[in-house]
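Asks: Let me begin by handing over the structure; questions about it come next.
The values are calculated or read from the model by the stated rules, or taken from the named source; none is laboratory data. Just so we're clear, the structure is a prediction, and the values are computed from it rather than from any experiment. Neighbour counts run over all protein chains shown; Cβ positions are idealised from the backbone, glycine included. Please note that ligands, DNA and RNA were not included when accessible areas were found on the heavy atoms of the full protein model with its side chains. Shrake-Rupley method; radii C 1.70, N 1.55, O 1.52, S 1.80 Å.
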Amino acid sequence: QQQVRQSPQSLTVWEGETAILNCSYEDSTFDYFPWYWQFPRESPALLIAIRPVSNKKEDGRFTIFFNKREKKLSLHITDSQPGDSATYFCAARRNSNNRIFFGDGTQLVVKP
Amino acid sequence: DMKVTQMPRYLIKRMGENVLLECGQDMSHETMYWYRQDPGLGLQLIYISYDVDSNSEGDIPKGYRVSRKKREHFSLILDSAKTNQTSVYFCASSSGHNNQAPLFGEGTRLSVL
């Protein structure tokens, strides 16, 4: 059973629009949710992260909204730029064994 | 300088050969990971290590083994490599004491012919 699910698989927006990437998880013991972005032929890099004590985390144009009751979170990218074009991975950490589970990613394309 | 270093970056091997992928980190992180990533897919956990000689299987350990004899060094070994092990392998590390996202190395692109 996949622990972390992401949707959509791919997303195209125009420059300046808001991109919304969705994520859901299964395990209620997950205690930390990092988002990574990955550019072609590069390694994943941490973008922004949230803990369940918060329902929102903002960093510039990037905002995570977190709904603990529904086990859902979303990443909003406002004023999207072509340089934001990448694959975005939602991840979740299980506190008991420090395992990190990754979703399959959302490939974002921002058209100029 | 916080960094995870993987060697080699690119590797071509023939089926049946042994493969050694090396990973080092300079942050004294307790936890280290080996993932593989196939085209268009997410990251699959092969092994996780909690410290020296304290390793656990991930989701896809079959065909792999690991070694961690020093905290800063974590190796992935493929005994008798198979063509379906062609992939990009990422090592990552994190501190177990803080809620800290793993830091990834640059990856090793392995082709098994």
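Asks: Placing +1 on the Cβ of each Lys and Arg and -1 on the Cβ of each Asp and Glu in chain B, which of B:TYR33, B:TYR50, B:VAL19 has its Cα farthest towards the positive end of the resulting dipole?
Replies: Of the listed residues, the answer is B:VAL19.
Asks: Calculate the radius of gyration of the Cα atoms of region A:15-96 to one decimal place, then report Dmax, the largest Cα-Cα distance, as a whole number, both in Å.
Replies: Looking at region A:15-96, its Cα Rg and Dmax stand at 12.8, 41 Å.
Asks: If you don't mind, there's one more thing I want to ask. Compute the accessible area per residue over chain B, keeping the other protein chains in place, probe 1.4 Å, unit Å².
Replies: On a per-residue basis, chain B sits at 48 Å².
Asks: Return the distance in nm (one decimal) between the two label points of a simple spin-label model at A:LYS68 and B:LYS69, each offset 7 Å from Cα along Cα→Cβ.
Replies: 4.6
Asks: What is the spin-label model distance, in nm, from B:THR83 to A:ARG5 if the labels are put 7 Å beyond Cα along the C-beta direction?
Replies: With each label point 7 Å from Cα toward Cβ, the separation is 3.5 nm.
Asks: Still on this model: Leaving ligands, DNA and RNA out of it, report the carbon-plus-sulfur percent of the accessible area of chain B at a 1.4 Å probe.
Replies: Carbon and sulfur: 50 percent of the exposed surface of chain B.
Asks: Over chain A, with every protein chain in place, what whole percent of the accessible area is carbon and sulfur at 1.4 Å, could you tell me?
Replies: Carbon-and-sulfur percentage of accessible area, whole number: 45.
Asks: Could you grab the Rg to Rh ratio for region B:30-110? Cα atoms only, Kirkwood for Rh.
Replies: Ratio value, two decimals: 0.95.
Asks: Summing both sides, how much accessible area is buried between B and A? Use a 1.4 Å probe and give Å² to the nearest 100.
Replies: Interface area, both chains combined: 1800 Å², rounded to the nearest 100.
Asks: Can you list the lysines whose alpha carbon sits under 23 Å from that of A:LYS72, skipping same-chain ones fewer than 8 residues off?
Replies: A:LYS56, A:LYS57
Asks: If you don't mind, there's one more thing I want to ask. Give the calculated FRET efficiency between A:GLU15 and A:GLN107 to the nearest 0.05, with a Förster radius of 30 Å applied to their Cβ-Cβ distance.
Replies: That gives a FRET efficiency of 0.95.
Asks: With labels modelled as points extended 7 Å from the Cα through the Cβ direction, what inter-label distance (nm, one decimal) is found for A:ASP31 paired with B:SER111?
Replies: Between A:ASP31 and B:SER111, the simple spin-label model gives 4.5 nm.
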